[in-house]
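Just below is one structure, and these are the notes that go with it.
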Amino acid sequence: MDDALDGTGGNSDGDHTTSTDSSSRGRLSRRRVIGASGAAIAGLAGCLDGSSSGDGTETSDGSDDTSESAGTTTTTSSSGGQEMADTLKFYSWGGSTQEALTEHLIEPFEDEYGVTVEQSSFSSQDKMLANVRSSPDGSYDVIMPSLSGSYNAVKQGLVEPIRLDNVDTWSNLLPAFQEYNSAASGDDHYVAPLYYGTVGMVYNSDEVSGSPPFSWQETWKDQYSGALTLEGFAFVRVFTTALSLGMDPNVMEGDTGSYEKGIEKVYDAMAEQHEYVTKYWTSGQEQTTLYSNDTAVLGDGWSGRILALQEDGYDNLHYTIPEEGAFGWADTFAIAKGSERRYTAEKFLQYAYRPEVQESLSPTLGYPPATQATSSDIEALPDFDPSGGERLKFQNQQFKEEHQDDWNSTFEKIKLGQY
Amino acid sequence: MSERHQRAADSADRTGFERYRYRLWTGVLRAEPVLRAIQALKRRERLLTAVQAGLGIAWMAVFLLAPLAYILALSFWQRGAGGVVVQEFALANYQSILLEDVQLLGWQIGNVYLLILWQSLKFGFLTTVTTLLLGYVPGYFLGRTQSKYRSLLLLLVVLPFWVPLIIRYYAWILVMGNEGMVTTILGWVGVESGGFLYTEVAVVTGLVQVLLPFMILPIYNSVAKIDDEFVESAKTMGATPLRAFYEVTLPLSLPGISAGSILVFILAVGSFMAPALLGGPANSMVANLISQTFGESFDWPLASAMAIVYLVVLFTLITVFNRFVGLEEVFGE
């Protein structure tokens, strides 16, 4: 558990990434400002803003208010000023997440601010980003990328920076999330984490003996051959496998001394484990089906789905975070590119971070809030982290971007038996 | 003003308006330029045809050819950091999907794309052969039968289309799953099995069920067109029913077989949902790989190159097929 969230953030401050940090930041803020206002002077200001703060990389401890307010002055004019709009176009996960958001966040927000929230939903992170990318600017106001998707969203210019001055409740966010900067976007914050979870271990106590804490090594036992299911994304597989081998999944060296040797060890382990896998799941629906009809008795999954199954009477299904830790994820709110209702969107985020909103929303969602709000219901959630997010292990998105081509193609080879 | 008066005035207004509208329309339709245009169209049949076909062609151009052209252009561009598209012309995408991990001399192919493409063609072929075997008899029967229930039976063939695809595949998960129907029935006869879900068998079974009507209907269509007298005269000249079928009916139903096979093959090779829902880890097909490259890896250029290669391979196969069978004959008369 020592490779906590701030450890990940620390990585992106490392020596070898500093230069890319500042250059990408300069490019981003330039694109943002030009995209938002089109004014040459503002563009110049953006360059200066980016390059002048570029050498001050150590500001990622949250003390970034000065340059943020500079960003505010250059961009306000284009986004309709500081007044509430009548409507807000909201694009979120569908299904039970959307139901929970509607009841505990959107309807109360509409009542209080007199804003009509127009909802649309998606069922896959990738499709959502592709949709935002190919829609005209301003088609959406608030979108819901996950932390892992936010890197791409920022790099592709799909999201606007959040002006923290307009979000009075930003300080409610857990410190680990305030510091987390997935896209190394410098002082700009592009995502507002809403809740978090892990890809932990799921087991059927009728078939799996023993009791937690389990080790991920359990998923390499041949007795579960043909009854094992794992999440089918290469980046989750290498991460979890590295954890089980005792490696830091954001360096992937272990005691081998180099990334190349480390990742080979990880691939070998994945290929060995692959022999036991009946199906790699890629959606919540799929894992629910696999565990509920006994096709799989062991594997990984999302706590919210398992919680829902337990409520439906599947008392034999359990969720646990293994002793090596688990892949951490978070779903966030972000303001879509070209939004003309940025201020309203920011007020929406501000509202979402209120403790009373989180206290009612979080237990219905089944995932603990990214804010400091807490209650006995929240503490009872399987993914709740009493250390305030310190225990969560997040993937370094730059590390992922650097290597995921290789991870994907090797994972495909493993699946085809060609590794 | 009394209420009655009010109503009378209202209706007078309405008829006045109706009359005005009528006059306006007749005015427009009888106007010299309009009349002349209609007359000109009537006289020039070829122009009329062009206008009618033009709508369809324009639709295809806007919604099929234009996106395809974009995909073609995209396939030569590159992926930048975070999935940005960099408009730099290079053949790198094609190189990586066609040449990477391929050692021609020893015939060692470790290239994921080629392996999965090969697998897709294999599934497509298996599905086509199975649907042909299963579909010929019902198609033949429907084509020859004089039964008054023929329309009802035809309705039954297309009935599965009323159930959404995804629901049919989910039904197969229940049928073939661990405690599904197949395992249970096999268990009664004493055969122990863990079910066929997440195997090649499951993918092909699902595809066969879904695509069977596309085989039955063209076969029915061409068998129904066969003149009874041909078969009768063969029999009069001493052919056994089997020989009459083999020498007369089968060759004459060949266009139906070809049309059905092409439809089923194309739909099966490009299938996405069957391998995703019913297939195991090793049963990915080309559509799944493209979607994954497009979505998960956010590599639109590479995914486009994959789509183009797939398109070219499929087009080549159909052209070769055309050489042997003659598609004009199949889809023409």
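Read-outs throughout are calculated quantities, based only on the coordinates presented, and are distinct from any laboratory measurement. Note that the structure is predicted; figures quoted are calculated from it, not measured. No Cβ is skipped: glycine too gets one built from the backbone with ideal geometry, and neighbour counts run over all protein chains shown.
So which residue, out of B:Leu317, B:Leu242, B:Leu133, gets the largest mean-square fluctuation from a GNM of chain B using Cα contacts under 10 Å as springs?
Comparing B:Leu317, B:Leu242, B:Leu133 in a Gaussian network model of chain B, the most mobile one is B:Leu242.
Report the gain in length on full extension from B:Arg43 to B:Ala239: 0.36 nm times residue separation, minus Cα-Cα distance, nm rounded to one decimal. All intermediate terms of the calculation are to be shown ahead of the outcome.
Details: separation 196, 0.36 × 196 = 70.56 nm, distance 5.40 nm.
Contour length minus Cα-Cα distance gives 65.2 nm.
Efficiency by 1/(1 + (r/R0)^6): what FRET value for A:Ser123 and B:Ala90, r their Cβ-Cβ distance, R0 = 25 Å, to the nearest 0.05? Mind showing how you got there, number by number?
Values: r = 34 Å, r/R0 = 1.36.
After rounding, the FRET efficiency stands at 0.15.
Quick one: of the DSSP bridges fully inside the stretch A:175-327, what percent are antiparallel, nearest 5?
Working: 10 of 16 bridges.
If we restrict to bridges inside the stretch A:175-327, about 60 percent are antiparallel.
When Cβ neighbours within 10 Å are restricted to other protein chains, what is their mean count per residue of peptide B:290-298? Please report the intermediate quantities before stating the final value.
Working: counts 0, 3, 7, 4, 3, 7, 10, 9, 12.
For peptide B:290-298, the averaged partner shielding equals 6.
Please give the calculated 222 nm ellipticity per residue for chain B, where each DSSP H segment of at least 4 residues contributes -39500 (n - 2.57) and the sum is spread over every residue; nearest 500 deg cm²/dmol? Don't jump to the answer; show the numbers that get you there.
On the way: 17 runs with 235 residues, N = 333.
Calculated from helices alone, the mean residue ellipticity at 222 nm is -22500 deg cm²/dmol.
Could you grab the relative contact order for chain B? Cα pairs under 8 Å, six or more apart, rounded to a whole percent. Show your work: numbers first, answer last.
Details: 340 pairs, mean separation 75.9, N = 333.
Dividing the mean separation by the residue count of chain B yields 23 percent.
Around A:Tyr353, what is the net charge, scoring Lys/Arg as +1 and Asp/Glu as -1 over all other residues with Cβ under 15 Å from its Cβ?
Values: positive: A:Arg163, A:Lys347, A:Arg354; negative: A:Glu112, A:Asp165, A:Asp168, A:Asp331, A:Glu346, A:Glu356, A:Glu359.
Neighbour charge sum, excluding A:Tyr353 itself: -4.
For B:Arg323 and B:Ser151, compute 0.36 nm times the residue count separating them, minus their Cα-Cα distance, and round to one decimal in nm. List each step's numbers first, then the result.
Working: separation 172, 0.36 × 172 = 61.92 nm, distance 3.53 nm.
Extra length from B:Arg323 to B:Ser151 when fully extended: 58.4 nm.
Considering only the other residues whose Cβ falls under 13 Å of the Cβ of A:Asn131, what net charge follows from Lys and Arg at +1 and Asp and Glu at -1?
Details: positive: A:Lys89, A:Lys127, A:Arg133, A:Lys337; negative: A:Asp126.
Summing Lys/Arg as +1 and Asp/Glu as -1 gives +3.
What distance in nm separates the two pseudo spin-label positions at A:Ser135 and A:Met84, each 7 Å out from Cα along the beta-carbon direction?
With each label placed 7 Å out from Cα toward Cβ, I get 2.3 nm.
How large is the charge dipole for the protein assembly as shown, taken about the Cα centre, if only the Cβ atoms of Lys, Arg (+1) and Asp, Glu (-1) carry charge, to the nearest 20 debye? Intermediate results must be reported in sequence, preceding the final value.
Details: 48 positive and 89 negative charges, 1114 e Å.
Result for the protein assembly as shown is approximately 5340 debye, rounded to the nearest 20.
Taking 0.36 nm per residue of sequence separation and subtracting the Cα-Cα distance, how much length would be gained by fully extending the chain between B:Ala81 and B:Leu64, in nm to one decimal? Could you put the intermediate results ahead of the total?
Values: separation 17, 0.36 × 17 = 6.12 nm, distance 2.94 nm.
Full extension from B:Ala81 to B:Leu64 adds 3.2 nm.
Mind checking B:81-88 for the average number of partner chain beta-carbons within 10 Å of each residue's beta-carbon?
On the way: counts 9, 13, 12, 5, 2, 0, 0, 0.
Across the residues of B:81-88, the mean count of other-chain Cβ atoms within 10 Å is 5.
Within the stretch A:243-259, list the residues whose amide N lies under 19 Å from a label point set 7 Å along Cα→Cβ of A:Ser387.
A:243-252
How fast does the stretch B:139-260 diffuse by Stokes-Einstein, in µm²/s, taking the Kirkwood radius from C-alpha pairs at 25 °C and 0.890 mPa s? Could the numbers behind the result be given before it?
Values: Rh = 17.1 Å.
Calculated translational D: 143 µm²/s.
Using the count of nearby Cβ atoms within 10 Å as a rough guide to exposure, how do A:Thr278, A:Thr97, A:Thr364, A:Thr240 rank from fewest to most?
Lowest to highest Cβ neighbour count: A:Thr364, A:Thr97, A:Thr278, A:Thr240.
Past the 32 Å Cα-Cα mark, which pairs from A:Lys127/A:Lys347; A:Lys337/A:Lys413; A:Lys127/A:Lys415; A:Lys400/B:Lys122; A:Lys127/A:Lys393; A:Lys261/B:Lys122? Intermediate values should be presented prior to the final figure.
Working: A:Lys127/A:Lys347 27 Å; A:Lys337/A:Lys413 37 Å; A:Lys127/A:Lys415 24 Å; A:Lys400/B:Lys122 34 Å; A:Lys127/A:Lys393 25 Å; A:Lys261/B:Lys122 36 Å.
From A:Lys127/A:Lys347; A:Lys337/A:Lys413; A:Lys127/A:Lys415; A:Lys400/B:Lys122; A:Lys127/A:Lys393; A:Lys261/B:Lys122, over 32 Å: A:Lys337/A:Lys413; A:Lys400/B:Lys122; A:Lys261/B:Lys122.
Going by how many other Cβ atoms sit within 10 Å of their own, how do A:Tyr276, B:Tyr170, B:Tyr22 line up, fewest first?
Working: A:Tyr276 20, B:Tyr170 16, B:Tyr22 10.
In increasing order of surrounding Cβ atoms, one gets B:Tyr22, B:Tyr170, A:Tyr276.
Order these by the 10 Å Cβ neighbour count, fewest first: A:Tyr190, B:Tyr136. Display every interim value, and only then the final one.
On the way: A:Tyr190 23, B:Tyr136 19.
Listing A:Tyr190, B:Tyr136 from fewest to most nearby Cβ atoms yields B:Tyr136, A:Tyr190.
Label 7 Å along Cα→Cβ of B:Val158; the stretch B:191-235 residues with amide nitrogen under 18 Å?
B:210-225
Set the Förster distance to 35 Å, then compute FRET efficiency between B:Leu165 and B:Glu18 from the Cβ-Cβ distance, nearest 0.05.
On the way: r = 49 Å, r/R0 = 1.39.
With R0 = 35 Å, the Cβ-Cβ based efficiency is 0.10.
Sorted from largest down, what three extents in whole angstroms do the Cα atoms of the protein assembly as shown have along their principal axes?
That gives 97, 91, 61 Å along the principal axes, largest extent first.
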